[in-house]
Amino acid sequence: MTPERMSEAIDAAWAAFSAGDLDGFVAGCAEDIVYSDNAGQEPLHGRDAFRRYASGWFEASSDRRATPLRKTIGGCRVATEVRLEMTHDGAPLYGVAAAGARIAFDFAMIADFRDGRITRIVAYYNPASVMQDLGLSVGAPANRPA
C-alpha cells in the first residue's frame, strides 16, 4: 500500500468518525485488528471488539470531531497526531453521566497496515485532560495548544 493510500485511509476513518459513521470508521480495519492505548485497559482483539469500544465515543457525543493534524508515514506504519473535540451530551463516558461538558484533547495514534487494512492501532493520550474536562479531577490545566 502506498504512503498516499495509507494517508487517505486514515483521513477517511477520521472523517467518518466526525460524521457519526461508526461503520465507516471501522471499515478500514482488518478482522484481526489489535487496539491498545495508554489508559490502562487490556488490548482489544478483533474488529468487533474495536467497534464496541469506539461506539462508546460515538454514543457519548452528538458533535464529535477529529482533526488529523500531522502524519508521519514509513513502511506500513502511519503515526498521526489528532485533535478530538466533542460535547459529552449522550451516553456515559468513563462511567460519568452526560452533563454537557466540552472535551478537547490531542493524542497520537500509530496504525500498522497489512493488505490495505489497519491491523494494529496504538493510541497515546493524557487521560487526565479528559478527566478534567469531565469534572472528575482538578489541578493544573491540561497542556493544550492555544
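Any read-out appearing in this document is the output of simple, stated calculations on the displayed coordinates, not a laboratory observation. This is a predicted model, so every value here is computed, not measured. So basically every Cβ, Gly included, is an ideal-geometry build from the backbone, and we count neighbours across all protein chains shown.
For the range 11-29, the set of residues classified as in a loop (DSSP other than H, G, I, E, B) and either in contact with a His (Cβ under 7 Å, 6 or more places away or on another chain) or acidic (Asp, Glu) (or both) consists of Asp21 only.
Determine if the range 107-118 includes at least one residue that is acidic (Asp, Glu) and either buried (at least 17 other Cβ atoms within 10 Å of the Cβ) or within 14 Å of the chain's Cα centre (by Cα) (or both). Within the range 107-118 (the criterion being acidic (Asp, Glu) and either buried (at least 17 other Cβ atoms within 10 Å of the Cβ) or within 14 Å of the chain's Cα centre (by Cα) (or both)), the answer is yes, since at least one residue qualifies.
Looking only at residues in the range 1-45 that are in contact with a strand residue (DSSP E or B) (Cβ under 8 Å, 6 or more places away or on another chain) and of a type in the set (Val, Ile, Thr), the one that is surrounded by the most Cβ atoms within 10 Å (Cβ to Cβ) is Ile33.
Within the range 75-93, being of a type outside the set (A, V, I, L, M) and under 17 Å from Ala123 (Cα atoms) holds for Cys76, Arg77, Thr80, Glu81, Arg83, Glu85.
Scanning the range 50-73 for any residue that is over 27 Å from Ala128 (Cβ atoms) and either in contact with a His (Cβ under 9 Å, 6 or more places away or on another chain) or without any contact (Cβ under 8 Å) to a residue 24 or more places away in the chain (or both) turns up nothing. Return the residues of the range 86-101 that are surrounded by 12 or more Cβ atoms within 10 Å (Cβ to Cβ) and part of a loop (DSSP other than H, G, I, E, B); say none if nothing qualifies. Those that are surrounded by 12 or more Cβ atoms within 10 Å (Cβ to Cβ) and part of a loop (DSSP other than H, G, I, E, B): Asp89, Gly90, Ala91, Pro92, Tyr94, Ala98. In the range 51-65, of all residues being closer than 18 Å to Arg120 by Cα and buried (at least 17 other Cβ atoms within 10 Å of the Cβ), the one that is nearest to the chain's Cα centre (by Cα) corresponds to Ala54. One residue stands out among those in the range 66-85 that are surrounded by 14 or more Cβ atoms within 10 Å (Cβ to Cβ) and within 12 Å of the chain's Cα centre (by Cα): the one that is farthest from Ala39 (Cα to Cα), which is Pro68. How many of the residues in the range 30-81 are of a type outside the set (D, E, K, R) and in a strand (DSSP E or B)? So the count comes out to 17. When you scan the range 77-87, do you find a residue that is touching a residue at least 12 places away in the same chain (Cβ under 8 Å) and in contact with a His (Cβ under 6 Å, 6 or more places away or on another chain), even just one? No: zero hits. Looking across the range 59-75, just one residue is within 24 Å of Tyr94 (Cβ to Cβ) and touching a Pro at 6+ places or on another chain (Cβ under 8 Å), and that is Ala60.
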